[in-house]
Structures are given as structure tokens and as C-alpha cells.
Amino acid sequence: GAPGDAAADPAAADAPPSAGQRRPVRPGDIASGPFLLSASERRLWKDNVEIVLTPTEWTLVKLLMERDGEGLSRDDILNSVWGRHYVGDLKIVDVNIRRIRQKIEVQPSDPKHIETLWGYGYRWNRGDGQ
């Protein structure tokens, strides 16, 4: 075998987890479809590949994943992520959702995981039907 295929070698069991090996689920983790979110580490993986999010994006994803399948209004999201005293435009929610979609969706223009509820807000969809 080539030097790069230690991950495919079952004898390399003490190697750090690589793609294809799930990190053990810990308290505070949220698993949803291909996603695993770690509350303690403030990290997100999709299919065991880490998705790098800003702290704000991470908080927004966590909020949506915690309320899996439930619609959240833009106001709810704004209050939960930016705080009740945030002074600014509701569009900040849409801008961040768009950024997150660029990172987690196969086709950001046809999102499967973060659904838009027109005129209302957004909903997390675990997307098992992909």
C-alpha cells in the first residue's frame, strides 16, 4: 500500500479518527442526519468532515438543530443568537443562513437542511431523504 492509506488499514486502530470513523457521541452532542454538532467543543461535522463555522454561525446552527423540524421566525433567531438588544437589520439572519448554506449544503441554491419558511423564518430538516 501507498504511504497515504493508513486510514484504510484496520491495523491502524490507534490512529486518530479520520473520515469514515465517527467521533464518539458525547453529552451535549446533537446528531441529525449526516451532521454531528458538539456543544462542548463548539464544532460541527458533516459525514465526519469538520465544517468550520464562525461562533455566530455555530450558535445559529445549534439553535436550528435543537428545534429540528420546528419553524423558527427571524425574530426568534435574532433574539436567540444576537440577543434581545441587538440593534440592526433582520437581514443579518438571512446573511448568516446564506453563509451556513454555502458551507453545509450540497446545492446552496436548493437547500435540503435549512429550509426557508417564506415570510416567516427557517426550519432545520435533518435531510435523511437525500
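The values are calculated or read from the model by the stated rules, or taken from the named source; none is laboratory data. Every value quoted in this text rests on a predicted model; they were computed, and no experiment measured them. Virtual Cβ from ideal backbone geometry, glycine too; neighbours counted across all protein chains shown. Note: areas computed on protein heavy atoms with side chains; ligands, DNA, RNA excluded. Shrake-Rupley method; radii C 1.70, N 1.55, O 1.52, S 1.80 Å.
Numbers below:
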item	result
Segments classed as strands (runs of 3 or more DSSP E), wholly inside the range 31-108, with at least 1 members that are open to solvent by 20 Å² or more (accessible area, probe 1.4 Å)	43-46, 49-51, 71-73
Sole residue being touching a Leu at 6+ places or on another chain (Cβ under 6 Å) and farther than 25 Å from Pro34 by Cβ, chosen from Arg74, Arg84	Arg74
